[in-house]
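**Student:** My structure is below; once you've seen it, I'll send some questions.
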Amino acid sequence: MAMDPETFNQLLDAIRRFVTERLMPLEHQVANDDAVPDEVKREMAEMGLFGLTIPEEYGGIGVTMEEEAQICMELGRTSPAFRSVFGTSIGIGSQGILMDGTDEQKQKYLPKIAVGECVASFALTEPDAGSDAAHLKTTAIRDGDEYVFNGTKRFITNAPSADIMTVMARTNPDIDGAGGVSSFIVERGTPGLSFGKPEKKMGQQGAHICDVIFDDCRVPAENLIGHKEGVGFKTAMKVLDRGRIHLAAVCVGHAQRAMEEALAYACERKQFGQPIADFQLVQAMLADTKTDIYAARCMTLDAAKKRDAGDNVSTEAACAKMFASEMCGRAVDRAVQVFGGSGYVADHGVERMYRDARLYRIYEGTTQIQQIVIARNMIREWRDSL
Ligand code: COS
């Protein structure tokens, strides 16, 4: 249920101030140390950020999708590593439990996630199954009261710090595609579960990804989400529909920040005796970014509102994620161009924003996967209408 507007605006204001006054000054430090300070994580928990999407009955704030999108637009204005501290936990890491878990599973995990005691991540991708997620190979074979997991998950965000993971694995090896996949909650410390070393990445320093390795890892059968086999791929897809709106909103915030930096620089930097903002070719870049952001913002909020209204937003979420991530790529590219040579050196931050933004077009479904989702839905609807 939506908060009353006054309470929500206070929350949004508090997050905006936290981003501007607390997080932005730490951006260089986080990039250099490749770590978000523990103190900041504690402050995030105190603000309730780990409970944003967890319903009130489980100790969270329970924001609507539209409210979440507005919040993500603020959080997107600073380094992605900060959002990642709790973003995976409140998003793809926990939503499978919330959407399809049993009451006991919700009671057991969601209250701890809501207060930041339990970090949740999402393990779908594998070395041989990225975009083609339905053909994942990790197996989870039932043996008495347990499932025995074998396989490797790859590029799992927050895995190095995760207390639990939503893991998609094949419970029926006779079914090759989506129907053989189930989703589980796997706890850190389960014997047979280990982690690879964090990958060195192009950007987003401070947010970590690594392999998750299952070697005869025995997971209690009660951790099968919803106690139902064969529906894990659908759980993952529903989680990603939601995650894509969240991410589209983050892209809007990231692009907004790039534009603000470019605008401020253009107004201050002088060439040929005048601020470069007075040159029409620079103005064109600023105007194109402004327009791009406006379009992505409207699209993202519209998709969020439709989801809140109970509509199936598979198409809208894919449209928003594709458009917003691509537009964010254009926005950071133009920002570097406005900064010129200074945009290419590390001191000003736009170079880092450029690298950080590159991931948005890849994770939680590449642009090409969004195109497939959109076009398939269009064709299905057309055929159904005949
Ligand atoms: N919500 C609910 N169910 C969904 C769904 C959604 N958004 N999308 C698909 N499904 C269901 C389908 O209805 C189908 O069910 P039935 O077999 O009962 O008809 C089942 O899931 C399989 O769907 P589909 O046949 O479309 O699967 P495909 O193998 O063709 O794959 C894509 C579909 C490519 C869209 C999917 O694999 C995908 O999104 N890949 C990208 C994965 C991704 O984002 N990875 C990033 C990792 S997370 S950082």
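**Student:** Would you work out which of Leu110, Ile61, Pro80 lies farthest towards the positive end of the dipole of the range 5-114, given +1 charges on the beta-carbon of Lys and Arg and -1 on that of Asp and Glu, about the Cα centre?
**Tutor:** The one lying farthest along the dipole's positive direction is Pro80.
**Student:** I've got another one for you. Over the range 234-384, what is the relative contact order in whole percent, taking alpha-carbon pairs under 8 Å and six or more residues apart?
**Tutor:** Here the relative contact order equals 30 percent.
**Student:** Related question: State in Å² the accessible area per residue of the chain; use a 1.4 Å probe, count heavy atoms of protein chains only, and round to the nearest integer.
**Tutor:** 45
**Student:** Given Cα pairs under 8 Å that are at least 6 residues apart, what percent is the relative contact order of the range 5-114?
**Tutor:** Relative CO of the range 5-114 lands at 31 percent.
**Student:** Could you tell me how far the Cα centroid of the range 268-319 sits from the Cα centroid of the range 341-385, in Å?
**Tutor:** About 14 Å separates the Cα centre of the range 341-385 from the one of the range 268-319.
**Student:** Here's something else I'd like to know. Direction-averaged shadow area of the convex hull around the Cα atoms of the range 1-97, nm²?
**Tutor:** For the range 1-97, the mean projected area of the Cα convex hull comes to 6.1 nm².
**Student:** Kirkwood hydrodynamic radius of the range 12-162 from all distinct Cα pairs, in Å?
**Tutor:** 16.9
**Student:** Can you compute the modelled spin-label distance between Ile175 and Asn312, with each label point 7 Å from Cα toward Cβ, in nm?
**Tutor:** Once both label points are built, they end up 1.8 nm from each other.
**Student:** Could you tell me how many degrees, from 0 to 90 and to the nearest 10, lie between the Cα long axis of helix 280-308 and the main elongation axis, the longest principal axis, of the Cα atoms of the chain?
**Tutor:** Approximately 30 degrees, to the nearest ten.
**Student:** Next question, about the same structure. Of the options Ser183, Ala207, Thr139, report the single residue whose Cα projects farthest towards the positive end of the charge dipole of the range 120-230 (beta-carbon charges: Lys, Arg +1; Asp, Glu -1).
**Tutor:** Ala207
**Student:** When only DSSP loop residues count, what chymotrypsin sites (Phe, Trp or Tyr not before Pro) in the range 335-386 have their Cβ near at most 10 other Cβ atoms within 10 Å?
**Tutor:** none
**Student:** Give me the one-decimal nm value for the distance between modelled label points at Arg22 and Arg376, 7 Å along each residue's Cα-to-Cβ direction.
**Tutor:** Modelled inter-label distance: 4.1 nm.
**Student:** What whole-number value in cubic angstrom gives the convex hull volume per residue for the C-alpha atoms of the chain?
**Tutor:** 143
**Student:** Kirkwood Rh, Cα Rg: Rg to Rh for the range 213-295?
**Tutor:** My calculation of the ratio gives 1.39.
**Student:** Still on this structure, I have one more. Could you work out the mean projected area of the convex hull around the alpha carbons of the range 120-230, in square nanometres to one decimal?
**Tutor:** Averaged projected hull area, Cα only: 6.7 nm².
**Student:** Give me the number: length gained by fully extending Asp33 to His227, i.e. 0.36 nm times residue separation minus the C-alpha to C-alpha distance, one decimal in nm.
**Tutor:** Between Asp33 and His227, full extension yields an extra 65.7 nm.
**Student:** So if I place +1 on the C-beta of Lys and Arg and -1 on the C-beta of Asp and Glu, and nothing else carries charge, what would the dipole magnitude of the chain be about its Cα centre? I want it in debye, nearest 20.
**Tutor:** 920
**Student:** To the nearest 0.05, what FRET efficiency results for Asn9 and Glu56 with a Förster distance of 30 Å applied to their C-beta separation?
**Tutor:** 0.95
**Student:** A further question follows. Got a number for carbon plus sulfur as a percent of the chain's accessible area, 1.4 Å probe?
**Tutor:** 51
**Student:** Rank Val313, Gly273, Met168 by how far each Cα sits towards the positive end of the charge dipole of the chain (+1 on Lys, Arg Cβ; -1 on Asp, Glu Cβ) and give me just the farthest.
**Tutor:** Gly273
**Student:** Any chance you could get the radius of gyration and Dmax over the Cα atoms of the range 68-112, in Å?
**Tutor:** 12.7, 37
**Student:** Using a Förster distance of 22 Å, how high is the FRET efficiency between Ile362 and Asp132, based on the Cβ-Cβ distance and rounded to 0.05?
**Tutor:** 0.90
**Student:** Between Arg42 and Lys197, what FRET efficiency follows from the Cβ-Cβ distance if R0 is 30 Å, with the result rounded to 0.05?
**Tutor:** Efficiency computed from Cβ-Cβ geometry: 0.70.
**Student:** With an 8 Å Cα cut-off and a minimum separation of 6 or more residues, compute the relative contact order for the range 159-235 in percent.
**Tutor:** So the answer I get is 39 percent.
**Student:** Restricting things to alpha carbons, tell me how big the range 253-386 is in terms of Rg and Dmax, in Å.
**Tutor:** 18.0, 64
The values are calculated or read from the model by the stated rules, or taken from the named source; none is laboratory data. What you see is a predicted model, and the numbers here were worked out from it, not measured in a lab. Backbone-built Cβ (ideal geometry, glycine too); neighbour counts: all protein chains shown. The protein model used for the area step is the full one, side chains on, heavy atoms only, and it has no ligands, DNA or RNA in it. Shrake-Rupley method; radii C 1.70, N 1.55, O 1.52, S 1.80 Å.
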